[in-house]
Amino acid sequence: MGERYNFYEFFAGGGMARLGLGPRWKCAYANEWCGKKARSYTANHGQDPIVDVKDVAKVRPGNLTENAELAWASFPCQDLSLAGGRKGLVGKRSGTFWPFWDLMREMDSKNRGVPTIVLENVVGALSSNNGEDFKVLTEAISRAGYRFGPIVMNAVHFVPQSRPRLFIVACKKDKFLPDSLTGDGPDGFWHTAKVVQAFDSLSESVKSDWIWWNMPKPKPRNIMLDDIIEKIATSATAHTQEETNRILSMMSEPNRKKVDAAKGLGKPVVGAVYKRTRKDSHGNKVQRAEVRFDQISGCLRTPAGGSSRQILMIVNGENIRTRLISTREAARLMGIEDNYQLPSGYNEAYHLIGDGLAVPVVAWLEANLLHPLASANKLSKVA
């Protein structure tokens with residue numbers, strides 16, 4: 001397996017970053033404020049290390065007894081998303097970035113600075129508060145002595161779930177950076193139009209610390225929504241016909257036409273349904289059910305974020321059935337193996353998954369950027 005590198009896992013949840021980073025990385029410290037999530041972390045990763053269950057603001061450098069090559073921080077997204085009201089980095093949840101960042105700076109002042117830091121959040125972090133949150137965030141990164149590069153990675157390239165997320169990979173300015181890992185400009189795949197727009201809004205001094213990370217594109221995904229469906233759902237029962245009819249009645253005409261088209265295919269078809277609040281022709285807010293039959297799930301979200309849990313619709317001719325997605329199916333949509341122990345309660349398990357990371361996305365980032373960075377810095381130290 002070769003050399004292993006230490007990493008810190010902040011806002012650790014159920015340890016999905018650890019799953020994605022894989023065996024080349026050893027978790028030297030894990031922090032999570034939610035005791036329920038910490039129990040799931042321990043159930044799946046053991047007690048090496050024991051999860052430090054506390055507010056990140058109470059973590060001190062002394063709690064991090066080993067040095068690390070990488071710090072991973074998937075800080076809360078609620079205040080950076082539309083559903084969360086766009087309070088931004090001053091919000092109660094997303095504002096927890098600041099005590100984490102203060103800790104990283106304090107580590108640096110003790111000559112224990114972390115060479116590479118990954119910040120993960122919703123794509124809305126690029127534009128929340130008219131882009132001001134992103135400006136403040138990147139200015140803080142630059143002032144702390146890091147170069148950085150934002151990329152948008154959509155889980156849909158790896159699993160049948162549309163889940164774009166922002167990853168900011170920052171590395172210390174005094175660390176060796178291989179030319180093969182950087183490009184001269186946006187590549188149009190990992191660097192979306194929103195990323196380019198965010199770059200254009202920055203000051204020249206912060207732009208000078210920007211990195212256009214260079215990563216290969218993944219091969220076309222070969223797993224479909226049908227492939228993750230349980231034959232017998234382990235944690236979700238079928239809706240009554242009355243509930244299914246109610247969901248159908250909540251659909252707009254274009255969505256009903258999708259259902260009618262699925263009925264005419266002459267074979268069972270699985271669709272993903274979300275309930276959303278939309279405005280009708282009179283400007284009134286109404287709840288709608290929206291369905292897609294393109295073998296891709298919508299983004300898994302937690303009810304706390306203001307969105308409903310996902311529903312599956314199975315259409316077989318005139319026979320239409322609906323049910324909540326099971327927690328195991330939801331885990332599969334995140335690329336989590338079936339041997340991962342989920343909480344027994346539906347709500348707890350769904351919340352854990354919906355707040356988590358798509359494991360294959362982390363694995364791609366590890367293989368094509370994080371591990372090469374760590375290896376290059378190790379070789380440069382030896383040289």
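Quick notes
- The ranking of Phe293, Phe158 by Cβ neighbour count inside 10 Å, starting from the fewest, reads Phe293, Phe158.
- Its Cα centre serving as origin, the chain has a Cβ charge dipole (Lys and Arg +1, Asp and Glu -1) of approximately 600 debye.
- Relative contact order of the stretch 148-191, defined on C-alpha pairs under 8 angstrom at six or more residues apart (%): 40 percent
- In degrees, nearest ten, helix 97-109 long axis to first principal axis of the chain (Cα): 20 degrees
- Arranged from fewest to most other beta-carbon atoms within 10 Å of their beta carbon, Asp355, Asp187, Asp209, Asp280 become Asp280, Asp187, Asp209, Asp355.
- Local electrostatic count, Arg39, Cβ distance below 12 Å [Lys/Arg +1, Asp/Glu -1]: 0
- Cα long-axis angle, helix 253-263 against the chain (0 to 90 degrees, to the nearest 10): 80 degrees
- Sparse-neighbourhood loop sites, trypsin sites (Lys or Arg not before Pro) in the stretch 160-220 - DSSP loop, at most 14 other Cβ within 10 angstrom: Lys173
- Calculated diffusion of the stretch 237-324, Stokes-Einstein form, Kirkwood radius summed over Cα pairs, 37 °C and 0.692 mPa s, µm²/s: 244 µm²/s
- Note: relative contact order over the chain, using C-alpha pairs below 8 Å and six or more positions apart, is 16 percent.
- The stretch 237-324 - percent relative contact order, Cα under 8 Å, separation 6 or more: 36 percent
- The length gained by stretching the chain between Ser208 and Lys267 to full extension, at 0.36 nm per residue less their Cα-Cα distance, is 15.7 nm.
- Other residues with beta-carbon under 10 Å from the beta-carbon of Gly317 carry, at +1 per Lys or Arg and -1 per Asp or Glu, a net charge of +1.
- Angle of helix 35-45 to the longest C-alpha principal axis of the chain, folded into 0 to 90 degrees and rounded to 10: 80°.
- Pairs from Lys231/Lys279; Lys26/Lys173; Lys37/Lys257; Lys37/Lys267; Lys194/Lys231 whose Cα-Cα separation, in the structure shown, is over 32 Å: Lys231/Lys279; Lys37/Lys257; Lys37/Lys267; Lys194/Lys231
- Which of Val359, Val259, Val122 has the fewest Cβ neighbours within 10 Å, and the rest in rising order: Val259, Val122, Val359
- Once volume of the Cα convex hull per residue in Å³ is calculated for the structure shown, the corresponding label among [x] 208; [y] 125; [z] 151 turns out to be [z].
- GluC sites (Glu not before Pro) restricted to DSSP loop in the stretch 1-52 with at most 16 other C-beta within 10 Å: Glu3
- In a DSSP loop and with at most 13 other Cβ atoms within 10 Å, the trypsin sites (Lys or Arg not before Pro) in the stretch 1-36 are Arg4.
- Extending 7 Å from Cα along the Cβ direction at Thr182 and again at Arg105 yields two label points whose distance is 2.4 nm.
Rule-based calculations on the coordinates, nothing more; no lab input. Computed from a predicted structure; not experimentally measured. Methodologically, a virtual Cβ is constructed for each residue, glycine included, from the backbone with ideal geometry; neighbour enumeration extends over all protein chains shown.
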